[in-house]
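S.K.: Dropping the structure in here first, questions after.
Derivation of every value follows stated rules applied to the coordinates shown; laboratory data play no part. As the structure is a prediction and not an experimental result, all values here were calculated from the model. Reconstructed Cβ throughout: ideal geometry from the backbone, glycine too, with neighbour counts over all protein chains shown.
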Ligand code: F6R
């Protein structure tokens, strides 16, 4: 039941500390800097054989996959693509026995995702899945799986089943990097040590919920919003915009920030609020100049920034503060205020947050 919360979505946002703690439990050996994912059925020989990973998923799960691509390429040095499940099987994909098709799904029953797995099977790929619903089809048909520890998710807008797979993908990348010998011992230990910080960092974002409510009140009648992110936080722009669209019915569009100058900047004026994700990561300077450009064109600016940042306060009309964190893991942190922002806008608009119009929790039709 919802307990102290008004909606399941709000409750589930707050359950992320517990879900992420459970995600690490039993899988991360901090003393030895090792990752254990036994249900993947993976050994060093199998790991070395992999030439390509194709992540396939829909919606929020696909956004998790976009972050996963960066983890798998950077940490494990395995070429990785992300394919929207409803596109994958219609484009005659190049898949063979050295390819892993990795499906991500909360429900494990999404028709398009299951069909993409079947396509991978037909073409001889190894099938892995990252799934929340225990015993679901996406778990059963896979050669190996990672079980999300999110617990049942009831709100149609996915929250805790977004952050858990980000951690799963990070752990998977470290495990593959270890088995394939692409990580030095120090790199491996450092990456594993960073994981320990995650639940607390998320908790510190949740503690700032009261600061988000007035920002939501200011923005709740906006007609449009533009979300910008870059690098590892580019997928978070997409995820933040999706959360806003699906529960508040405000049109939100996401762009990789570097694409702005190739067209979308034409949209920016005083009626187009720009939400920029600008934590202290390798793209910080680029994001700052993007925010300056939006401001120069009269757009109101909302910025996700790292506590202690001294430049963002001069540029932003509203700030979502997040704690300082290792940049590779920052998407798990920066998404939290955006979930709460979308939630509070929808709640203040008096909408049915847990059951948005036209949407179903599990999309079992094509
Ligand atoms: C967004 C949302 C959807 C799902 C998508 C995939 O909040 O919930 O975009 O992420 O329908 O669902 P699963 O993960 O069950 O395959």
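S.K.: By count of other Cβ within 10 Å, fewest leading, how are 238, 249, 71 ordered?
M.R.: 249, 238, 71
S.K.: Mind checking the angle between helix 160-180 and the chain's longest principal axis? C-alpha axes, 0 to 90 degrees, to the nearest 10.
M.R.: 40
S.K.: Now, a different point. Using only Cα atoms, tell me the angle between helix 111-122 and the longest principal axis of the chain; keep it within 0 to 90° and round to the nearest 10.
M.R.: That works out to roughly 30 degrees.
S.K.: Relative to the longest principal axis of the chain, what angle (0 to 90°, nearest 10) does the C-alpha long axis of helix 209-219 take?
M.R.: The helix 209-219 is inclined about 60 degrees to the chain.
S.K.: Per DSSP H run of at least 4 residues, take -39500 (n - 2.57); add these up for the chain, divide by its residues and hand me the 222 nm value, nearest 500 deg cm²/dmol.
M.R.: -13500 deg cm²/dmol
S.K.: How long is the gain from residue 358 to residue 122 if the chain were fully straight, where each residue apart is worth 0.36 nm and the alpha carbon distance is subtracted?
M.R.: Working: separation 236, 0.36 × 236 = 84.96 nm, distance 3.29 nm.
Roughly 81.7 nm would be gained on extension.
S.K.: Additional query: Using a/c under 1.5 as the rounded threshold, could you call segment 1-97 rounded, prolate or oblate? The axes a ≥ b ≥ c are square roots of the C-alpha gyration tensor eigenvalues, and prolate needs a/b larger than b/c, oblate otherwise.
M.R.: oblate
S.K.: Would you mind pulling out the separation of the Cα centroids of segment 327-358 and segment 152-209, in Å?
M.R.: Cα centroid to Cα centroid, the span is 20 Å.
S.K.: How would you classify the chain from its alpha-carbon gyration tensor, with a ≥ b ≥ c the square roots of the eigenvalues: rounded for a/c under 1.5, else prolate if a/b is greater than b/c, otherwise oblate?
M.R.: prolate
S.K.: Something else: Going highest first, how would you order 36-47, 123-134 by mean Cβ packing within 10 Å?
M.R.: The most tightly packed comes first, giving 123-134, 36-47.
S.K.: Could you put 160, 51 in order, starting from the residue whose Cβ has the fewest other Cβ atoms within 10 Å?
M.R.: Placing the least packed residue first, the sequence is 51, 160.
S.K.: In addition: What order do you get for 283, 321 when you list them from fewest to most C-beta neighbours inside 10 Å? Mind showing how you got there, number by number?
M.R.: Working: 283 22, 321 18.
Listed from fewest to most nearby Cβ atoms, that is 321, 283.
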